[in-house]
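Enquirer: One structure, as structure tokens, below. Some questions next.
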């Protein structure tokens, strides 16, 4: 499977869009790399760029972007609200798919070495790529910022990891790292006071603040027995934060880096800042995401706020995301566009091929009716199954919100959430079935002039045929599991919607029967008869159990009509 990494270079220019465009043009020129996001900040005078692709291509694009930035950005003239020490301030690599952190670190070191040697820019390696432990923390590497570099580079202990140990007045220093997925997240405050914002930032950030005598801001620092300052940790783990004032918005913000969103998710950070701000007489008015965020993080946030409202979480993705956006005020400063801010949506938008599930109902039926053999019965079966599950999920949601059943909202929410998972899987299989058929067609076009080519073509056809059997079999498995939801809704769901549960059972029964037909017809051309026998036997069992369960559900439905 293809390896994917993300690179999020931060360039010390946020106002001159011509310079920014010249830098991003270098990235877009590299085949195999998707430029996902360009997020300039005027007050910070900094642009965060996000790209994704295979490791070699991403490293090439990163190098070219750093090179262009070194030509166009002069750090001697740079001013901005964000800490910085280089034209390309940081350049972290992030493992995304099918690649380990250890492998990513190797690519980071390779990139750092190339930048240092070919561009004569001093390089410090940080986070997981750190070659010296104390340099793991980016804040330590960047201490003193650009203005302190000349003195810093003269010290033996601050000799760069790569590149010359000399002050590059124009380009400064670049930090190259390898890290887990980081979410840059700012919370907006109804104050213009940077001091108040910093106080809240110190309350929540993991590092916390120095303990002081009396007043927590102006009191004398408390020292330990060795004369070192004593620190009082903040309330959020894996969070870095500072407070600043943003001229373009006229407000103060808490600027946070959530370095591990499995430890402190976005919604937890928002709620904690909200709480700490209130304690200091300040209100949170909203928040903003800088760069992109994983889909799951937004879904987790939406479900978190839905549960606080005692509402079902088994609703479509777009509705969950809408709740997350409104709950955290992500549209406070400007429109939040999921297709531009959520990494999976952004990647999907970059794909040129239109998926079947993205078509309108009319387009899908017209495409099915056309002379093209795909989509065919397999994709239609998967779609019937998805519609059947959707009806069961609808009954669960209606039951969750039924007047007088308030104490049962969570029970039905769990059923609805499970239904959405089945539905999403079947929707995915709509396209996967057509893709499986097309892959078989592609293998027939492989060359067959030599004996080797003939053997390779034959094996490719057999492998593709195997996949074309497994896809409809997966449709059968998922759909049968979904019948548990339909049966539960027929038994305990909103009685006014029991007929919908019945229609759902009929749709799923047709789905399983249709998928079984596809398993059979695709099995005819496979030479591995042991595989065919094993899958066919399991498919036959699922078909029989589905028919029996459908009959039970329809009896329940009929008894309530």
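Enquirer: Residues in the stretch 176-191: is at least one surrounded by fewer than 18 Cβ atoms within 10 Å (Cβ to Cβ) and touching a helix residue (DSSP H, G or I) at 6+ places or on another chain (Cβ under 8 Å)?
Expert: Yes, the stretch 176-191 contains a residue that is surrounded by fewer than 18 Cβ atoms within 10 Å (Cβ to Cβ) and touching a helix residue (DSSP H, G or I) at 6+ places or on another chain (Cβ under 8 Å).
Enquirer: Kindly indicate which of 523, 510, 499 is at pLDDT below 95, surrounded by 14 or more Cβ atoms within 10 Å (Cβ to Cβ) and in contact with a helix residue (DSSP H, G or I) (Cβ under 9 Å, 6 or more places away or on another chain).
Expert: Selected residue: 523, the only one of 523, 510, 499 that is at pLDDT below 95, surrounded by 14 or more Cβ atoms within 10 Å (Cβ to Cβ) and in contact with a helix residue (DSSP H, G or I) (Cβ under 9 Å, 6 or more places away or on another chain).
Enquirer: Give me a count of the residues in the stretch 18-43 that are in contact with a strand residue (DSSP E or B) (Cβ under 7 Å, 6 or more places away or on another chain) and not in a strand (DSSP E or B).
Expert: So the count comes out to 7.
Enquirer: Among the listed residues 68, 79, which satisfies the condition of being at pLDDT below 95, more than 24 Å from residue 348 (Cβ to Cβ) and surrounded by fewer than 23 Cβ atoms within 10 Å (Cβ to Cβ)?
Expert: 79
Enquirer: Among the residues that make up the stretch 87-99, is at least one of them in contact with a helix residue (DSSP H, G or I) (Cβ under 6 Å, 6 or more places away or on another chain), part of a helix (DSSP H, G or I) and crowded, with 19+ Cβ neighbours inside 10 Å?
Expert: No, every residue in the stretch 87-99 fails to be in contact with a helix residue (DSSP H, G or I) (Cβ under 6 Å, 6 or more places away or on another chain), part of a helix (DSSP H, G or I) and crowded, with 19+ Cβ neighbours inside 10 Å.
Enquirer: Taking residue 347 and the conditions (1) within 25 Å of residue 48 (Cβ to Cβ); (2) in a helix (DSSP H, G or I); (3) touching a helix residue (DSSP H, G or I) at 6+ places or on another chain (Cβ under 9 Å), which numbered condition does it fall short on, given that it satisfies the others?
Expert: Here residue 347 clears every test but (3).
Enquirer: Kindly indicate whether any position in the stretch 245-266 is surrounded by 18 or more Cβ atoms within 10 Å (Cβ to Cβ) and assigned to a helix (DSSP H, G or I).
Expert: yes
Enquirer: Another question, then. With the requirement that a residue be more than 23 Å from residue 259 (Cβ to Cβ) and surrounded by 15 or more Cβ atoms within 10 Å (Cβ to Cβ), what does the stretch 195-238 give you?
Expert: 196, 211, 212
Enquirer: Looking at the stretch 1-13, which of its residues are farther than 14 Å from residue 65 by Cα, part of a loop (DSSP other than H, G, I, E, B) and in contact with a helix residue (DSSP H, G or I) (Cβ under 8 Å, 6 or more places away or on another chain)?
Expert: Within the stretch 1-13, 3 is the sole residue that qualifies.
Enquirer: Still on this model: Being assigned by TED's automatic domain parsing to the domain that holds residue 499, surrounded by 14 or more Cβ atoms within 10 Å (Cβ to Cβ) and within 29 Å of the chain's Cα centre (by Cα), is that true of even one residue in the stretch 364-372?
Expert: Yes: one or more hits.
Enquirer: Let me ask something additional. Among the residues that make up the stretch 278-285, is at least one of them in contact (Cβ under 8 Å) with a residue 40 or more places away in the chain, within 28 Å of residue 397 (Cβ to Cβ) and either touching a helix residue (DSSP H, G or I) at 6+ places or on another chain (Cβ under 7 Å) or in the same structural domain as residue 482 (by TED's automatic domain parsing) (or both)?
Expert: No: zero hits.
Enquirer: Can you pull out the residues in the stretch 403-459 that are under 29 Å from residue 320 (Cα atoms) and not in a helix (DSSP H, G or I)?
Expert: Within the stretch 403-459, 403, 404, 405 qualify.
Enquirer: While we're here: Residues in the stretch 116-126: is at least one in contact with a strand residue (DSSP E or B) (Cβ under 6 Å, 6 or more places away or on another chain), surrounded by fewer than 18 Cβ atoms within 10 Å (Cβ to Cβ) and not in a loop (DSSP other than H, G, I, E, B)?
Expert: no
Enquirer: Out of 320, 242, I need the residue that is crowded, with 18+ Cβ neighbours inside 10 Å and either under 30 Å from residue 423 (Cβ atoms) or without any contact (Cβ under 8 Å) to a residue 40 or more places away in the chain (or both). Which one?
Expert: One residue alone meets the criteria, 320.
Enquirer: Also: Scan (1) surrounded by fewer than 19 Cβ atoms within 10 Å (Cβ to Cβ); (2) part of a strand (DSSP E or B) for the single condition residue 56 breaks and write down its number.
Expert: (2)
Enquirer: For the stretch 429-445, what are the residues that are without any contact (Cβ under 8 Å) to a residue 60 or more places away in the chain and either surrounded by fewer than 14 Cβ atoms within 10 Å (Cβ to Cβ) or closer than 30 Å to residue 485 by Cβ (or both)?
Expert: The answer is 429, 432, 435, 436, 441, 442, 444, 445.
Enquirer: Which condition number in (1) surrounded by 15 or more Cβ atoms within 10 Å (Cβ to Cβ); (2) farther than 28 Å from residue 293 by Cβ is the one that residue 397 fails?
Expert: That leaves (2) as the condition not met.
Enquirer: Now a separate question. Could you please give the count of residues in the stretch 542-561 that are part of a helix (DSSP H, G or I) and in contact (Cβ under 8 Å) with a residue 60 or more places away in the chain?
Expert: Of the residues in the stretch 542-561, 11 are part of a helix (DSSP H, G or I) and in contact (Cβ under 8 Å) with a residue 60 or more places away in the chain.
The values are calculated or read from the model by the stated rules, or taken from the named source; none is laboratory data. Predicted, not measured: the structure shown is a model, and the values here were computed from it. Note that we place each Cβ from the backbone using ideal geometry, even for glycine, and neighbour counts take in every protein chain shown.
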